[in-house]
Amino acid sequence: MPAADPKFLKYVDEHEDAFIARLKAAVEIPSVSGNLEYAKDVERMADWLVGQLTDLGVKAEKRGIGKHTLDGKEVDLPPVVIGSIGNDPAKKTVLVYGHYDVQPALKEDGWDYEPFTLTPDPKTGRLYGRGSTDDKGPVMGWLNVLEAHKDLGLEMPVNLKMIFEGMEESGSVNLDKFIESEKDKFFAGLDCMCISDNYWLDTKTPCLTYGLRGVNYYEIKVSGPDRDLHSGVFGGTIHEPMTDLILLMSKLVSPTGEILIPGVKELIAPVTQDEQEKFEKIHFQMSDIQGAVGGDQTLTDDTIKTLMGRMRNPSLSLHGIEGAFSAPGSKTVIPCSVKGKFSIRTTPNLGVENTTELVLKYINDEFKKLGSKNRCEVSLGHGGEPWVTDPNHYNFRAAHKATVAVYGQEPDYTREGGSIPVTLDFANILGLNILLLPVGRGDDGAHSTNEKIDKSNYINGTKLLGSYLYELAAEKKD
Ligand code: BES
Ligand code: ZN
């Protein structure tokens, strides 16, 4: 017997088209937080959300959280959108979080569809568009739940508070300060929290997530001459910044994924028996990762090693070189200054501070060994701590029951390789148990070309989020 009101579930089935139209309207606003050109659209997206929430009976508002520098200009940070509905002391109060900003996307990047037009594929039931799964689909899921209750005249089973930010894809700048400053005001009286901003591990097994890796983003700047030079004239006569940089970058990680920075490997916590058992229970096949990657480049054929590589061990990825010649053709330039970018996904014991200390020392030492006359500066762009929680909490129990009710199967318990750094701020500042309750699948392609959400995930995801609230209301606090 499902705990969710059957009228709610029926409403969701009967309003699929309207819910897809809502997602379409959201995807159409290109709310890219990392690019000044889209600043107006990010603001427009916040206004649109406040409008939607207000129409759905939520007390909602935008709140400014200060300024930052974007593309060299000091501008306002995207506002946070907060809302609350219900204030019944007899009910639990749950906070939900999502983000309304998205990663950049251009058709030329290799999309088969216009990235900011939600495009359904009737054959597969997929809905393509930037933000469809990350994170507009789940955010719309919460709005759909509210709409169903309002239209049916149904009381919400819990008091709901919402916070939707517009800066998640660019490091959630100042959100920690906002949480701190509103701790005893907007955030007062909360029982627990739910974040829907990650994905199932595969394409068929729902999951509940109890951990995230942290992410530290670094830049190595190597500079020398005060202008770009001709390689015919100066090649063979000077220390070239790009040569130094490539050498340094080649010393960070091995082709088999081993982090080469001394001290990092040593900090990885040993695998406990309990952890080993948790990983063994996860439904996962190598074909799932191959499908999501679109090729067979896995480091190993072992599923447990693959899962641990993604969820409980750190990884280092090289991302790019700013200032390098990268256009088509063959320009014979020696760039005078280049910036290499890489990041480390971190796990417990690898905090922002101790990891950064190891990184800076190693790169500076390696640079000295080159005997180069160039200058080298290494810096941390942004850092976010890893987060792991105990999934034996009524918050997780409620989501477990909701998953069984909606999908007819038990969820996997996963940790994520990706990062939502603000999770730890919510957990630490507000002292809350946080559940990560994903809506989309492992092959949705967040951040990639042809990002999608399956219609069934979006619709069942709406039922899941709503059912979770009912189960939460019924759960005994422990
Ligand atoms: N939704 C993702 C987080 C995520 C990614 C969860 C992959 C599960 C798997 C989120 O929008 C995101 O991409 N976060 C950034 C954070 C960074 C900019 C600080 C990330 O992980 O790169
Ligand atoms: Zn996201």
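The values are calculated or read from the model by the stated rules, or taken from the named source; none is laboratory data. Predicted model only: the values in this text are computed from it and were never measured. A quick note on method: Cβ atoms are made from the backbone with ideal geometry, for glycine too, and the neighbour counts reach across all protein chains shown. For the accessible areas, the whole protein counts, side chains as well, though only heavy atoms, and no ligand, DNA or RNA atoms are used. Shrake-Rupley method; radii C 1.70, N 1.55, O 1.52, S 1.80 Å.
Looking at Pro262, Pro270, just one residue is closer than 28 Å to Tyr362 by Cβ, part of a loop (DSSP other than H, G, I, E, B), open to solvent by 60 Å² or more (accessible area, probe 1.4 Å) and in contact (Cβ under 8 Å) with a residue 60 or more places away in the chain, and that residue is Pro262. Looking across Gly263, Gly294, one residue alone is more than 16 Å from ligand 2 (Cβ to nearest atom), on the phi > 0 side of the Ramachandran plot and out of contact with any helix residue (DSSP H, G or I) (no Cβ under 7 Å at 6 or more places or on another chain). It is Gly294.
If the condition is being among the aliphatic types (A, V, I, L, M) and over 18 Å from Asp135 (Cα atoms), then segment 12-37 contributes Val12, Ala18, Leu36. Restricting attention to segment 363-386 and to residues that are modelled with pLDDT under 95 and part of a strand (DSSP E or B), the residue that is least open to solvent (accessible area, probe 1.4 Å) turns out to be Gly384. Can you name the residue in segment 116-130 that is in contact with an Asp or Glu (Cβ under 9 Å, 6 or more places away or on another chain) and assigned to a loop (DSSP other than H, G, I, E, B) and is also nearest to Gly171 (Cα to Cα) among such residues? The extreme case among them is Arg130. Each residue in segment 367-394 was checked for being charged (D, E, K, R) and within 16 Å of ligand 1 (Cβ to nearest atom), and 1 pass. Report whether or not Ser172 is away from ligand 1 (no atom under 11 Å from the Cβ), hydroxyl-bearing (Ser, Thr, Tyr) and more than 27 Å from Glu471 (Cα to Cα). So Ser172 does not fit the description; no. Checking each residue in segment 395-450 for being more than 10 Å from ligand 1 (Cβ to nearest atom), of a type in the set (Asp, Glu) and either touching a residue at least 60 places away in the same chain (Cβ under 8 Å) or open to solvent by less than 10 Å² (accessible area, probe 1.4 Å) (or both) picks out Asp412, Asp425, Asp443. Of the numbered criteria (1) open to solvent by 70 Å² or more (accessible area, probe 1.4 Å); (2) of a type in the set (Ser, Thr, Tyr); (3) within 16 Å of ligand 2 (Cβ to nearest atom), the one Thr124 fails is (3). For segment 421-429, the criterion of being acidic (Asp, Glu), within 21 Å of Met162 (Cα to Cα), in a helix (DSSP H, G or I) and touching a Lys or Arg at 6+ places or on another chain (Cβ under 9 Å) is satisfied by no residue at all. Note on segment 1-115: enclosed helices (runs of 4 or more DSSP H) holding 3 or more residues that are open to solvent by less than 40 Å² (accessible area, probe 1.4 Å) and free of Cβ contacts under 8 Å to residues at least 60 places away in the same chain are 39-55.
Look at Ser196 and say whether it is in contact (Cβ under 8 Å) with a residue 60 or more places away in the chain, under 21 Å from Val58 (Cβ atoms) and small (Gly, Ala, Ser). Answer is yes for this residue. Considering segment 186-243, the residues that are within 30 Å of Leu472 (Cβ to Cβ), away from ligand 1 (no atom under 16 Å from the Cβ) and of a type in the set (Phe, Trp, Tyr) include one that is most open to solvent (accessible area, probe 1.4 Å), namely Phe186.
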